[in-house]
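Notes to accompany the following structure.
The values are calculated or read from the model by the stated rules, or taken from the named source; none is laboratory data. In this text, all values refer to a predicted model and were calculated from it rather than measured experimentally. Positions of Cβ are backbone-derived with ideal geometry, glycine not excepted, and every protein chain shown enters the neighbour counts.
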Amino acid sequence: MSVSRLSLRRPLALAGLAAAALSACGGGKAPTLPANKNALPDSADQVMFGLRHYLWNGGLRRAQLRADTAFFYDEMNRMELRNMRTTFYSASGDSNAVMLAARGTYDVRTQKLEGRGDVQITTTDGCKLTSPQLAYERLANQVTSDTSFVFTEPGRTLSGIGLRTDPQLRNLQVFRNASGASSTRGGGTRGCGGARRAR
C-alpha cells in the first residue's frame, strides 16, 4: 500500500486522519492486535507529523500524547512514534508528570502506550524513573516495565528489574533484585508522596 505523507500545512487533512485513526479510543474491551507487526515506515498506512492526542478514562483526562512523527499500521489501529512526549494529569486536571522516549508504540485497541530507548518519567515534585522500556496502560492508569530501571527522589535511589507504579510514581512495586541507597538520615524522604514496596 502506498504511503500518504501529510504535513502540518494541511490541517484539514490531518484533522480528518486523526478523527478516523483515534475514533476507537472510547471505553469497552477490545480484541488484541494481530501478531504481524511490520514497523517499516514504507509499509505504513499513513504518516502524520506533529501528532497530538488526549487519553481519557472515565471522563477524566489522564494524559496528552505528542510525537514528532506517527506511522499508522494495522488499519490505523497501531501507531509507531518518534520523539514521543506524554504529559500525565491528576484527577483535578493538573499536569504532574512527563514521560519522554525516543521511540514508542500506541495500541489504539488496547489503549497501551509503550516507550523505548532511554525512557524517563519526571514528576513535578522532583522524582525520576528511567528504564529502557516503560509502558502506560490507560485503562488501569498505571506504568509497568519488565526490564531494569532506576528510580530517584530527593535523598534516595532505588533500582531493580520489573516494576508497577502509577504515573506520578507515588506507589512503586519492584518485582525482583531491588536495591537502594539513601543520602539522608533516617532512611531518606518520600519525595513523591508514597511508600515503595519491594516484593
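Numbers below:
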{"read-out": "Checking Arg109 against (1) touching a residue at least 60 places away in the same chain (Cβ under 8 Å); (2) surrounded by 17 or more Cβ atoms within 10 Å (Cβ to Cβ), the condition it does not meet", "value": "(2)"}
{"read-out": "Qualifying position, being farther than 13 Å from Pro167 by Cβ and either touching a Cys at 6+ places or on another chain (Cβ under 8 Å) or not in a strand (DSSP E or B) (or both), among Arg82, Arg109", "value": "Arg109"}
{"read-out": "Filtered residues of the range 57-79 (kept if touching a residue at least 40 places away in the same chain (Cβ under 8 Å), of a type in the set (A, V, I, L, M, F, W, C) and not in a loop (DSSP other than H, G, I, E, B))", "value": "Ala63, Leu65, Phe72, Met79"}
{"read-out": "Qualifying residue in the range 38-46 (condition: among the hydrophobic types (A, V, I, L, M, F, W, C), in a loop (DSSP other than H, G, I, E, B) and either loosely packed, with under 13 Cβ neighbours inside 10 Å or modelled with pLDDT under 50 (or both))", "value": "yes"}
{"read-out": "Test set (1) over 20 Å from the mean Cα position of the chain (by Cα); (2) modelled with pLDDT under 85; (3) closer than 29 Å to Gln120 by Cβ - Ala20 fails condition number", "value": "(3)"}
{"read-out": "Members of the range 154-171 that are in a strand (DSSP E or B), in contact with a Ser or Thr (Cβ under 7 Å, 6 or more places away or on another chain) and of a type outside the set (Gly, Ala, Ser)", "value": "Arg156, Ile161, Leu163, Arg164"}
{"read-out": "From the options Leu139, Leu134, residue that is part of a loop (DSSP other than H, G, I, E, B) and either more than 15 Å from Leu169 (Cα to Cα) or not basic (Lys, Arg) (or both)", "value": "Leu139"}
